[in-house]
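The values are calculated or read from the model by the stated rules, or taken from the named source; none is laboratory data. Computed from a predicted structure; not experimentally measured. In this analysis, Cβ positions are derived from the backbone assuming ideal geometry, glycine residues included, and neighbour counts consider all displayed protein chains.
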Amino acid sequence: MLPYPDSPAIPRFVAGTLFFPLIYGGMIKYFERRLLFGQAYLIALVAHIFLAALLFTYGFASSQIGIPPLLDGLANLALVALWALMVTRLAANYGLKKEGRLGLGAKVVLATIVVMLAFIVALASLNLLIGADIFSWLRR
């Protein structure tokens, strides 16, 4: 179901589409120093838009066809793998060959997972050390 034109979902989508590839572009630049940051950002942006289109298509199709919610986790895992493959293929356009077992996209995905887990552990530790609920503003 498409959002209404005045829905906050549209600016959030645009902001996320411009912001998250900055993070991924930084990680791509970290793992592949031969790329300029603009090139890394462009790779991440194209892959992110591709992933968003696939996610939108899956969400629309699952509501119309009646795909069980149990398969959502598997679909998300497949989308992340496709995103990693897309990053590796787009990096090959800049002359970067896959070296070793993992391509550039897989390295970026695994690094993103590690950084997210470290961030979650740090926030949970801070929550336990302070003894207060630092996430109360999220539940309002």
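Report yes if LYS29 is free of Cβ contacts under 8 Å to residues at least 40 places away in the same chain and either touching a Lys or Arg at 6+ places or on another chain (Cβ under 6 Å) or more than 26 Å from PHE13 (Cα to Cα) (or both), otherwise no.
no
Restricting attention to segment 93-116, which residues are exposed (fewer than 13 other Cβ atoms within 10 Å of the Cβ), within 17 Å of ALA44 (Cβ to Cβ) and over 13 Å from the mean Cα position of the chain (by Cα)?
Answer for segment 93-116, where residues must be exposed (fewer than 13 other Cβ atoms within 10 Å of the Cβ), within 17 Å of ALA44 (Cβ to Cβ) and over 13 Å from the mean Cα position of the chain (by Cα): just ASN93.
Taking only segment 1-58 into account, find how many residues are at pLDDT 90 or above and of a type in the set (Asp, Glu).
1
Residue by residue through segment 62-77, note down the ones that are surrounded by 12 or more Cβ atoms within 10 Å (Cβ to Cβ) and under 21 Å from PHE13 (Cα atoms).
Passing the criteria: SER62, ASP72, ALA75, ASN76.
Out of ALA91, ALA81, I need the residue that is in a helix (DSSP H, G or I) and over 17 Å from PHE37 (Cα atoms). Which one?
That would be ALA81, the only listed residue that is in a helix (DSSP H, G or I) and over 17 Å from PHE37 (Cα atoms).
Within segment 66-77, does at least one residue satisfy the condition of being under 26 Å from GLY103 (Cα atoms), in contact (Cβ under 8 Å) with a residue 24 or more places away in the chain and small (Gly, Ala, Ser)?
no
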